[in-house]
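Structure first, then comments.
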Amino acid sequence: MSLKPLLEYYRDLGVKELYRSQPVLPSLEIPAMPASIPLPGLAPENDSFELIRADIGDCRRCRLCEGRNKIVFGSGSPQAKLVFVGEAPGQDEDLQGLPFVGRAGQLLTQMINNTASKEGIAITRDDVYIANVAKCRPPENRAPLPDEMEICGQFLARQLEVLKPKAICALGGTSAKALLGLKDGVTKMRGNWYKWRDFPVMVTYHPSYLLRAYNVEAKREAWEDLKKVLHFVYD
Ligand code: URA
């Protein structure tokens, strides 16, 4: 089949974006099963956000660079005591270059601001830091693959070491797996404390999961998890 009818076929199916399947790094094999990876990190002495951003540059270390518009480094306070770690940018984040600015992001903002305010904790989203395991949007919003998480995870590890937060909140299974290397599902892990290096990690549901209407109980649980983490950090 030549390219034109194939593209028309995809268009009729409603597929708006296509990605080349050829990996940018052909030597990297994609394991058949996603595996848990602990985040590596070879940070230079006197590391800083400026150095990390400069090292990322116009990154072409993995195939995700092919479909991205903007690298989503992270946002929030450089003095943050609490860091939220999501999975990877979605469409809105990819266009704006900022994490959690789409529907899931709006829910996360509400959750942080409203829970803090109800609990008498004087912070808003601007006082925390928000980043993702992968800094580029995966095609069709799939989860980042193990090699993508490993390549990008070194920068997240450096960001966390620079911030030295009092706690990290892992949003969803991908983030929990990347940070903790555990195979348990998020339902089992949520609400509990773990450690990444010396930093306490609370696992909770990803806001995208909470947006699904039937997740009333999960929403309640996520609010409980957030209360726990906010009191731990700010009391
Ligand atoms: N989902 C994520 O995991 N991260 C974002 O930045 C947006 C949506």
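Values in this text are rule-based calculations from the coordinates and carry no lab data. Every value quoted in this text rests on a predicted model; they were computed, and no experiment measured them. Because the Cβ atoms are built from the backbone with ideal geometry, glycine has one as well, and the counts that use them run over all protein chains shown.
Quick one: how many residues across region 79-96 are within 12 Å of the ligand (Cβ to nearest atom) and closer than 22 Å to LEU179 by Cβ? Can you show your working first?
Going residue by residue through region 79-96, those that are within 12 Å of the ligand (Cβ to nearest atom) are 84-96.
From what's left, closer than 22 Å to LEU179 by Cβ: 84-90, 93.
Residues meeting the conditions: 8.
If I filter region 174-188 down to residues being surrounded by 22 or more Cβ atoms within 10 Å (Cβ to Cβ) and either away from the ligand (no atom under 14 Å from the Cβ) or among the small types (Gly, Ala, Ser) (or both), which single residue comes out as nearest to VAL72 (Cα to Cα)? Reasoning before the result, please.
Just the residues of region 174-188 that are surrounded by 22 or more Cβ atoms within 10 Å (Cβ to Cβ), to begin with: 174-179.
The next check asks that each one be either away from the ligand (no atom under 14 Å from the Cβ) or among the small types (Gly, Ala, Ser) (or both); those that pass are 175-176, 178.
On the way: SER175: 16, ALA176: 19, ALA178: 17 Å.
The selected residue is SER175.
I'd like the full set of residues that are over 16 Å from the mean Cα position of the chain (by Cα) and among the charged types (D, E, K, R), limited to region 163-189.
Across region 163-189, the qualifying residues are LYS164, LYS166, LYS183, ASP184, LYS188.
For region 97-132, which residues satisfy the criterion of being more than 14 Å from the ligand (Cβ to nearest atom), among the polar types (S, T, N, Q) and over 20 Å from LEU163 (Cα atoms)?
GLN110, ASN113, ASN114, THR115, SER117
Filter region 201-222 down to the residues that are assigned to a helix (DSSP H, G or I) and under 16 Å from GLN106 (Cβ atoms), then identify the one that is farthest from the chain's Cα centre (by Cα). Steps first, please.
Pass one, region 201-222, residues assigned to a helix (DSSP H, G or I): 207-210, 216-222.
Next cut, under 16 Å from GLN106 (Cβ atoms) only: 207-210, 219, 222.
Numbers: PRO207: 11, SER208: 12, TYR209: 14, LEU210: 16, LYS219: 19, ALA222: 17 Å.
Among those that are assigned to a helix (DSSP H, G or I) and under 16 Å from GLN106 (Cβ atoms), it is LYS219.
Of the residues ILE71, ILE168, only one is under 21 Å from GLU224 (Cα atoms) and within 16 Å of the ligand (Cβ to nearest atom); which?
Working: ILE71 fails: under 21 Å from GLU224 (Cα atoms).
Residue meeting the stated conditions: ILE168.
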